[in-house]
Amino acid sequence: MGAILNLVERNLHEVRVDADRMLFHIPSSSLFAADEVTGGIIDALRQQSCSSEDLVQRLAGRFAGQEVNETLRELIALEVVSDGSPLTPEIGISKVERTALNTVVLNVNTGCNLSCTYCYKEDLDKPSAGKKMGAETAEASVEMLLRESPDEQRYSVVFFGGEPLSNRPLIEHMVDYCERRFAEEGKQVEFIMTTNATLLTEELIDYLNAHRFGLSISIDGPKTVHDRNRITVGGQGTYDVVRRKVDLLLSRYRSRPVGARVTLTRGITDIETIWNHLFNELGFAEVGFAPVTSGDMADFNLTSEELVEVFANMKALGRRYLEAALEHRNIGFSNLHQLITDIHEGHKKALPCGAGLKMLAVDHKGELNLCHRFTGSSLPTFGNVHSGVKQVELNDFLSQRLDRSGTGCDSCRIRNLCSGGCYHESYARYGDPTHPTYHYCELMRDWVDFGIEVYSRIMAVNPAFISSYISPRKAH
């Protein structure tokens, strides 16, 4: 009598797309369509575990024995079916031993020329009181990056605030410094910045274009939506000036696509209207939405009912994305586009993002923060740019998040796409950055299922969209 076969449910998730059974292989984040033999084996083992000989007998009326055994070997290799052998540990490491930093976020000024009501920056200051980063600290940040991770080929320097352009002299100094230093090392560097756009001029836009900045503009939608929260220090709405600057930017900026970043707060859930304005009317290349659920000021957090509405509206926009993709058009809905990219490339994340692992954020004092959202928070820093990274403390912190035991994440079907959720969201909501973001779980599982369905339909009807608009599948 052979070994008893069991279905390993924690490694398998099914999504029905019309008559097709799409199988999401959770350990590898891979997606494939189940043929009839595969479906038959899964259904049979779901009803009752049995030996391979018994399974062949049970399916004999439908499939040849050789066909069943060949498919069974593949499913055992994928660890979708277990023959009793120990399963491969899903995360190859249980402890982070060394990070490989390739990105540094420079918080060049805690001050901002606006006074957005919902801003999460714990230490946000008015322009006159802003704590500006000095050139010595910024240069030391780059040297720290090269010293800590000398083997990387490409690095990113992110300028952040407050409003980063309120410290334009430092940005220009660092662009010159970085282009020289990285060239000396035979390395590449790219510059990234999120800005409220109000300080842009023709001359500055041309400068940013010449140095190929990756730009994101903070804008919340049409005037009535944007002016609710994105206001001046004196309380005036900023839409009109931002609109003028965006029109100027998009008419002149040619080096890279420019994206819009939308913050969704209480009372604002109309995803499609906001997207339509920013994509079709203003002309942004992509639009990304960030729902606020755990900000310091509870009055701005989306209610649980509103969060459900936001995800429903994201799916409604997602159906428009699908319709366009089948016509070989990309409508720039970056939340869904990123999910589809992750599914296509088989992304498997042991940790939720690159914070601490690939990226650290530097405050004006040179302290190293987990990410830009933690600058000014009470979370202990992980060293400074002069003395270097506190590698032991950072590795211990990341290893805590790697440990999924007892969290619910160890058996969740999206565990390798979500990996517990945003550290800052957890910190704001639960006071612990290693705590999973449970308030998002069901909505995120449903969102991933939706992404699987959209991806499957695109691959079935117009796979050329994937090859045109998403980077080629990587080996994994």
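The values are calculated or read from the model by the stated rules, or taken from the named source; none is laboratory data. Since the structure is predicted, the reported quantities are computational estimates derived from the model, not experimental observations. Every residue, glycine as well, gets a Cβ built from its backbone with ideal geometry; the counts of neighbours run over all protein chains shown. When the accessible area is computed, the model is the full protein with side chains, heavy atoms only, and any ligands, DNA or RNA have been set aside. Shrake-Rupley method; radii C 1.70, N 1.55, O 1.52, S 1.80 Å.
Miscellaneous remarks
- So GLU163, is it more than 18 Å from THR375 (Cβ to Cβ), modelled with pLDDT of 90 or more and charged (D, E, K, R): no
- Unmet criterion (only one of (1) surrounded by fewer than 19 Cβ atoms within 10 Å (Cβ to Cβ); (2) more than 21 Å from VAL448 (Cβ to Cβ)) for ARG373: (1)
- Checking VAL308 against (1) more than 19 Å from ALA460 (Cα to Cα); (2) exposed (fewer than 15 other Cβ atoms within 10 Å of the Cβ), the condition it does not meet: (2)
- All of (1) open to solvent by less than 20 Å² (accessible area, probe 1.4 Å); (2) more than 19 Å from ARG261 (Cβ to Cβ); (3) not in a strand (DSSP E or B) hold for LEU368 with one exception: (3).
- All positions within the range 74-101 that are at pLDDT 90 or above and over 30 Å from VAL37 (Cα atoms): LEU101
- The residues on offer are ARG413, ARG429, and the sole one that is farther than 18 Å from ALA290 by Cβ, among the charged types (D, E, K, R) and surrounded by 15 or more Cβ atoms within 10 Å (Cβ to Cβ) is ARG413.
- Selection over the range 424-453 of residues that are at pLDDT 95 or above and either among the aromatic types (Phe, Trp, Tyr) or in a loop (DSSP other than H, G, I, E, B) (or both) gives a count of 2.
- Scope the range 380-403; condition free of Cβ contacts under 8 Å to residues at least 60 places away in the same chain, in a loop (DSSP other than H, G, I, E, B) and open to solvent by less than 30 Å² (accessible area, probe 1.4 Å); matching residues: PHE382
- Verdict on GLY295 being under 23 Å from GLY162 (Cβ atoms), out of contact with any Leu (no Cβ under 9 Å at 6 or more places or on another chain) and of a type outside the set (Ser, Thr, Tyr): yes
- Filtered by the rule that a residue be open to solvent by less than 50 Å² (accessible area, probe 1.4 Å), touching a strand residue (DSSP E or B) at 6+ places or on another chain (Cβ under 9 Å) and within 22 Å of SER411 (Cα to Cα), the range 451-467 gives a lone residue, ILE452.
- You will find that of ASP403, ASP410, the residue that is at pLDDT below 90 and touching a Lys or Arg at 6+ places or on another chain (Cβ under 8 Å) is ASP410 and no other.
- Hits in the range 227-263 (condition: aromatic (Phe, Trp, Tyr) and over 16 Å from ILE205 (Cα atoms)): TYR239
- Test: residue in the range 325-344 that is on the phi > 0 side of the Ramachandran plot, within 15 Å of the chain's Cα centre (by Cα) and open to solvent by less than 40 Å² (accessible area, probe 1.4 Å): no
- Residues of the range 293-302 satisfying the condition of being touching an Asp or Glu at 6+ places or on another chain (Cβ under 9 Å) and either open to solvent by less than 80 Å² (accessible area, probe 1.4 Å) or farther than 23 Å from HIS424 by Cβ (or both): THR293, SER294, LEU302
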